[in-house]
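Read the structure below first, then the notes.
The values are calculated or read from the model by the stated rules, or taken from the named source; none is laboratory data. Since the model is a prediction, treat every value here as computed from it, not as a measurement. Cβ coordinates were reconstructed from backbone atoms using ideal geometry, including for glycine residues, and neighbour counts include every protein chain displayed.
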């Protein structure tokens, strides 16, 4: 069950942040969006996840239209994301960050929680076991009692991805996961994303500023500039496109 | 006809007092995004300082007494900012708000314990004769002190407008309101700007307190009720905007005077708060306030 | 464990004071203090749910307390027979269950409605709006003649004693602890930590908040119901913004997001106030009233020096979850 986006458009005031964006993300696809700063990449994610309502256009998850739904409903429909600036529940433990993500499958009522019924204890034990198993997959189990905010940066990124996956999404949106990482951490991240893509049956859409990450991971990329798609296709071809080179050279940072 | 004009003047007088308080709320909020819950009590304190000056220094003419009381109250306002709020400027916002609550209660109890809980009236220092011209031409009974209170208040607001829009410190204040973090980079003394804002707000509130004490009465707890209503007025007009605070104040006073005249005086607070809640539900950020874009 | 211990102590304590045993040590004054502490714990712990765990800034807790107090007072005086007409212990129990249940339901209903209409508001504006509702509730009661209007509600039977308050306080703490340490509690805290992330994890913020508001209001109503049947006389003014602030002082003194802190805050504040009163009236009676200046000063000093309160975000062991397996 993939993601299909047609003619997605959003303006803020006079500025068109995203203009006629299209995307065909297959079942277990892995695609990327690149582009200079301020090109509208994060806005695309915000539109997909319902943070902003689109002015125009359709977003379909499988057969189901999700554009216009509130964020929480879209999340429950099966779209999870991470954030450019990490948004963990900093004061909660690493474990609770994951267990919280299982809230939709808690399996007990408020009164059962208040009075600690047998069902509550059973379900809670199940949630705990699932969370620990999940943490173990991401190598974070020995950190479970620490508060999420105290983890080193790279592990915070990993925890955020783990948390997004804990909701059981069909589509995972990663917003600049390699931002602020050193080359060794980037290498680990690439392996992590490949592992996630292999182990979980889902589609991944990736925003990234660092071209090597996209080159290595994505089957197909789109290049956004000033809200418009200026090129798309296989990463190796796209980076040779003169339009793309110009868009990137327009700012200080040339493509690596 | 004549009663309507009289009611109009009543509303204008009440609205003027609300506006003098509301301006302080609005300016402080505009500049450091802080709801200063103690501001209503600064207004009360201003009234009591006025009372003290009138009773102790009976010889002092009103045109000296009013500025002196405003100055003293301004000093208190600045001192409170310095002692209690400045250290919390970068703390969690709610900590500051709670501190202002504490300061407010402190002031209420301080005045209650030193002066007593009784309701008092500031001895009239403005002429209380009716304005003959209005009586003859419109048949309305309006006293000089009422008219003077309205006029002085409007003059103070005009001065404030000039200060904010036509002076260097006013420009700095508007700059801080626009972007607090960028301003120190440009060589503006942030502490000074904030202190001046508190001084001006407190001075205006003191004028309001004295006028209120002359027109009605003062007691140590009046800051709660009136402070809240002035705050509502500021929100109605769009908190952070000077014109909005004045507009909202006269609007609220009008609604209140009509409620008292034609419904029941018991309902006036309920209606004021009802109005506030209704407004906030329709415009969660206030009428003039801009809805902030979620940053993700 | 601790709960059983406290109950095991509370019962004989109540009985021996009632029977007038050891009048020097166990006089009714101490029991009265403990009763006040118990009711305040209910208020502070339930407000902690909103301000500490959910991370909102609600300023209308005394309003819900008023709803509970007046509901219980009405039920006790108008709807139910007096305790004298019923069998001794059982009768009082039935009356308490009905009046307190009614108080909780009514307050929960009002809390639910307020939560419903304020779902869009956050931060400063939620503070204003909740305080506004507090004032409207007080103003409305002042305009209701059949509950005494501004003069207050008199002649409420004294159905509450220390034992009943102790049971209610422990029940409140236990239920709140259970909720906080469940999926519901994790969702509330996640909203505090990062509302946008929580929403994008599929949390309906409006719904989660409304549950918290309803539950907190219900417990405030419970405290109000106990209060009315303990004081036997209530006025609208005793539930205004000053009362809300007093609850806030105890909450922040004890610490946010900590039930242990709520208990400690209430006990420390109440004892401090009583101590000051006794000291001042013993040594400087003319200054006895000056303790009213102390409570706001405490609040200011806490905020300036230790914003997390005495026990912010920490719990005593008996209020902590059992970390299983």
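For region A:23-32, give me the residue count where each residue is surrounded by fewer than 14 Cβ atoms within 10 Å (Cβ to Cβ) and in a strand (DSSP E or B).
Within region A:23-32, residues that are surrounded by fewer than 14 Cβ atoms within 10 Å (Cβ to Cβ) and in a strand (DSSP E or B) number 1.
I need the full set of residues from region C:149-176 which are assigned to a helix (DSSP H, G or I) and surrounded by fewer than 21 Cβ atoms within 10 Å (Cβ to Cβ), in order please.
Of all residues in region C:149-176, those assigned to a helix (DSSP H, G or I) come to C:149-151, C:162-176.
Answer for region C:149-176, where residues must be assigned to a helix (DSSP H, G or I) and surrounded by fewer than 21 Cβ atoms within 10 Å (Cβ to Cβ): C:149, C:150, C:151, C:163, C:167, C:170, C:171, C:174, C:175.
Tell me, yes or no, whether region A:39-46 has at least one residue that is surrounded by 21 or more Cβ atoms within 10 Å (Cβ to Cβ) and assigned to a loop (DSSP other than H, G, I, E, B).
Within region A:39-46, one or more residues are surrounded by 21 or more Cβ atoms within 10 Å (Cβ to Cβ) and assigned to a loop (DSSP other than H, G, I, E, B).
Would you kindly identify the strands (runs of 3 or more DSSP E) lying entirely within region A:180-235 that contain at least 2 residues that are in contact with a strand residue (DSSP E or B) (Cβ under 7 Å, 6 or more places away or on another chain), surrounded by fewer than 21 Cβ atoms within 10 Å (Cβ to Cβ) and assigned by TED's automatic domain parsing to the domain that holds residue A:2? Spell out the reasoning first.
Working: elements: A:203-207, A:220-225, A:228-233.
In region A:180-235, the matching strands (runs of 3 or more DSSP E) lie at A:228-233.
Among A:55, A:27, which is within 27 Å of residue A:157 (Cβ to Cβ), touching a strand residue (DSSP E or B) at 6+ places or on another chain (Cβ under 8 Å) and away from chain C (no Cβ under 14 Å)? So that I can check it myself, show each step before the final result.
Working: A:55 fails: within 27 Å of residue A:157 (Cβ to Cβ).
Only one candidate qualifies: A:27.
Does residue B:37 meet the test of being closer than 20 Å to residue B:160 by Cα, under 16 Å from the mean Cα position of the chain (by Cα) and either modelled with pLDDT of 90 or more or surrounded by 24 or more Cβ atoms within 10 Å (Cβ to Cβ) (or both)?
On the way: closer than 20 Å to residue B:160 by Cα: no; under 16 Å from the mean Cα position of the chain (by Cα): yes; either modelled with pLDDT of 90 or more or surrounded by 24 or more Cβ atoms within 10 Å (Cβ to Cβ) (or both): yes.
So residue B:37 does not fit the description; no.
Could you identify the single residue in C:203, C:187 that is out of contact with any strand residue (DSSP E or B) (no Cβ under 8 Å at 6 or more places or on another chain), within 14 Å of chain A (Cβ to nearest Cβ), in a loop (DSSP other than H, G, I, E, B) and crowded, with 24+ Cβ neighbours inside 10 Å?
Numbers: C:187 fails: in a loop (DSSP other than H, G, I, E, B).
Only one candidate qualifies: C:203.
Just checking, which of B:98, B:105 is more than 30 Å from residue B:56 (Cβ to Cβ), out of contact with any strand residue (DSSP E or B) (no Cβ under 7 Å at 6 or more places or on another chain), crowded, with 18+ Cβ neighbours inside 10 Å and within 14 Å of chain C (Cβ to nearest Cβ)? Before you say what the answer is, go through the steps one by one.
On the way: B:105 fails: more than 30 Å from residue B:56 (Cβ to Cβ).
Of B:98, B:105, the one residue that is more than 30 Å from residue B:56 (Cβ to Cβ), out of contact with any strand residue (DSSP E or B) (no Cβ under 7 Å at 6 or more places or on another chain), crowded, with 18+ Cβ neighbours inside 10 Å and within 14 Å of chain C (Cβ to nearest Cβ) is B:98.
In region A:117-160, how many residues are assigned to a loop (DSSP other than H, G, I, E, B) and either within 13 Å of chain C (Cβ to nearest Cβ) or in contact (Cβ under 8 Å) with a residue 12 or more places away in the chain (or both)?
We begin by selecting, within region A:117-160, every residue assigned to a loop (DSSP other than H, G, I, E, B); these are A:117, A:138-140, A:144-146, A:151-152.
Filter once more, keeping what is either within 13 Å of chain C (Cβ to nearest Cβ) or in contact (Cβ under 8 Å) with a residue 12 or more places away in the chain (or both): A:117, A:138-140, A:144-146, A:151.
Total meeting the criteria: 8.
Within the bounds of region B:60-68, is there any residue that is modelled with pLDDT of 90 or more, part of a helix (DSSP H, G or I) and buried (at least 24 other Cβ atoms within 10 Å of the Cβ)?
Here is the first cut: in region B:60-68, the ones modelled with pLDDT of 90 or more are B:66-68.
Still in the list and also part of a helix (DSSP H, G or I): B:66-68.
Among the residues that remain, those that are also buried (at least 24 other Cβ atoms within 10 Å of the Cβ) are: none.
So far as region B:60-68 goes, no, none of its residues is modelled with pLDDT of 90 or more, part of a helix (DSSP H, G or I) and buried (at least 24 other Cβ atoms within 10 Å of the Cβ).
Right, residue C:85: more than 11 Å from the chain's Cα centre (by Cα) and modelled with pLDDT of 95 or more or not? So that I can check it myself, show each step before the final result.
On the way: more than 11 Å from the chain's Cα centre (by Cα): yes; modelled with pLDDT of 95 or more: no.
No, not satisfied.
Here is a list of conditions, (1) over 19 Å from residue C:296 (Cα atoms); (2) more than 18 Å from the chain's Cα centre (by Cα); (3) within 13 Å of chain C (Cβ to nearest Cβ), and residue B:62 meets all of them except one; can you say which number that is?
Going through the list (1) over 19 Å from residue C:296 (Cα atoms); (2) more than 18 Å from the chain's Cα centre (by Cα); (3) within 13 Å of chain C (Cβ to nearest Cβ), residue B:62 breaks only (3).
Which of the residues spanning region A:50-64 are over 19 Å from the mean Cα position of the chain (by Cα) and in a strand (DSSP E or B)?
A:56, A:57, A:58, A:64
Against the conditions (1) more than 7 Å from every other protein chain (Cβ to nearest Cβ); (2) at negative phi; (3) modelled with pLDDT under 95, where does residue A:114 fall short? Just the number, please.
(1)
For region C:50-148, which helices (runs of 4 or more DSSP H) that fit wholly inside it have 1 or more residues that are within 10 Å of chain B (Cβ to nearest Cβ) and touching a residue at least 24 places away in the same chain (Cβ under 8 Å)? Talk me through it step by step, then tell me what you get.
Numbers: elements: C:61-74, C:88-117, C:123-142.
Where helices (runs of 4 or more DSSP H) fall fully within region C:50-148 and carry at least 1 residues being within 10 Å of chain B (Cβ to nearest Cβ) and touching a residue at least 24 places away in the same chain (Cβ under 8 Å), they are C:88-117, C:123-142.
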